[in-house]
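The values are calculated or read from the model by the stated rules, or taken from the named source; none is laboratory data. Just so we're clear, the structure is a prediction, and the values are computed from it rather than from any experiment. No Cβ is skipped: glycine too gets one built from the backbone with ideal geometry, and neighbour counts run over all protein chains shown.
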Amino acid sequence: MIDFFTLVFGNPAQRTQSFFRGAELRMIDNIAESLPDRVEPMQLSGLGACGAVVASIALISCNQFPNAMWLVPFAMAINWFGLSVDLPLARKRQQEAAAEGMAHHLGEIFSHLSILIAYGFSPFLSVRAATAVVVCYLLFAVYGYIRAATRHVEQMAYIGIGVTEFRILLAFWPFVAVSLGVPQSLGDKQPAIDVAVLSLAGFAIIGLLTKLFLDSRKMTAASGRDD
């Protein structure tokens with residue numbers, strides 16, 4: 001039987017590994033060890049959410065001030081720092097209370113949604129493409145929480161792409177978009193970026209449905225063995 005704190009904070013041994021997870025964990029452990037006692041986990045969660053707000057404002061401001069895109073990677077670095085170190089710090093200090101876990105997960109959801117919505121009102125992604133990404137994010141997030149509740153496994157990555165990889169993409173997409181000419185193409189009737197994003201979203205949803213089917217079969221087989 002899994003306890004409440006394992007469900008809220010996750011079991012690191014059961015997490016699917018993303019590309020940077022090993023190196024990231026070592027870095028996070030070193031940071032958590034070096035932080036002074038006055039720094040609290042919930043403060044870090046709030047700091048991460050503030051980083052997302054700054055990134056969102058910078059993205060929308062790029063419509064009038066293109067150089068504001070240089071703020072996005074720095075704001076996303078703050079977002080990563082706050083929401084990657086908060087729970088490891090809580091574990092290190094044995095402060096794994098429900099409030100810390102709730103603050104972390106709310107900070108993650110708020111950060112991703114606010115930045116994705118801001119992208120829809122920026123020069124780097126259309127509202128249609130941003131909406132498709134938001135829908136996919138919500139589907140995968142909901143499935144992750146359902147999987148954690150039913151199988152007691154926190155799914156941290158899909159095909160090697162986890163939260164950190166997603167943050168990196170959000171941080172540097174403005175520069176990729178400029179190099180691909182996305183801002184100039186958004187006025188087209190059918191921008192190429194919309195076609196690409198909507199196609200990828202379709203494949204992602206098909207992949208999620210396939211994974212749901214496979215996981216359902218595994219759970220049914222496991223239930224049969226337990227009877």
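With respect to Gly101, is the statement that it is at pLDDT below 90 and crowded, with 21+ Cβ neighbours inside 10 Å true?
Working: at pLDDT below 90: yes; crowded, with 21+ Cβ neighbours inside 10 Å: yes.
So Gly101 fits the description; yes.
Matching residues to (1) farther than 20 Å from Ala52 by Cβ; (2) in a helix (DSSP H, G or I); (3) modelled with pLDDT under 85:
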position: Ser114; (1), (2), (3): no, yes, no
position: Ser122; (1), (2), (3): no, no, no
position: Leu139; (1), (2), (3): yes, yes, no
position: Gly144; (1), (2), (3): no, yes, yes
position: Arg147; (1), (2), (3): yes, yes, yes
position: Ile168; (1), (2), (3): no, yes, no
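Identify the residue in segment 180-217 that is polar (S, T, N, Q) and modelled with pLDDT of 90 or more and, among all such residues, is farthest from Leu59 (Cα to Cα).
Ser199
Scanning for something out of contact with any Lys or Arg (no Cβ under 6 Å at 6 or more places or on another chain) and at pLDDT below 90, does segment 35-42 turn up at least one residue?
Going through segment 35-42, the residues out of contact with any Lys or Arg (no Cβ under 6 Å at 6 or more places or on another chain) turn out to be 35-42.
Applying the additional criterion that residues be at pLDDT below 90 yields 37.
Yes, there is a match, as at least one residue in segment 35-42 is out of contact with any Lys or Arg (no Cβ under 6 Å at 6 or more places or on another chain) and at pLDDT below 90.
Quick check on my filter: what residues within segment 170-195 are over 17 Å from Ala141 (Cβ atoms), in contact (Cβ under 8 Å) with a residue 24 or more places away in the chain, part of a helix (DSSP H, G or I) and not charged (D, E, K, R)?
Selection gives Ala171, Phe172, Trp173, Pro174, Phe175, Ala177, Val178, Val182, Pro183, Ile193.
Just checking, does segment 15-22 include any residue being buried (at least 19 other Cβ atoms within 10 Å of the Cβ), touching an Asp or Glu at 6+ places or on another chain (Cβ under 6 Å) and either over 20 Å from Ser114 (Cα atoms) or at pLDDT 90 or above (or both)?
Within segment 15-22 (the criterion being buried (at least 19 other Cβ atoms within 10 Å of the Cβ), touching an Asp or Glu at 6+ places or on another chain (Cβ under 6 Å) and either over 20 Å from Ser114 (Cα atoms) or at pLDDT 90 or above (or both)), the answer is yes, since at least one residue qualifies.
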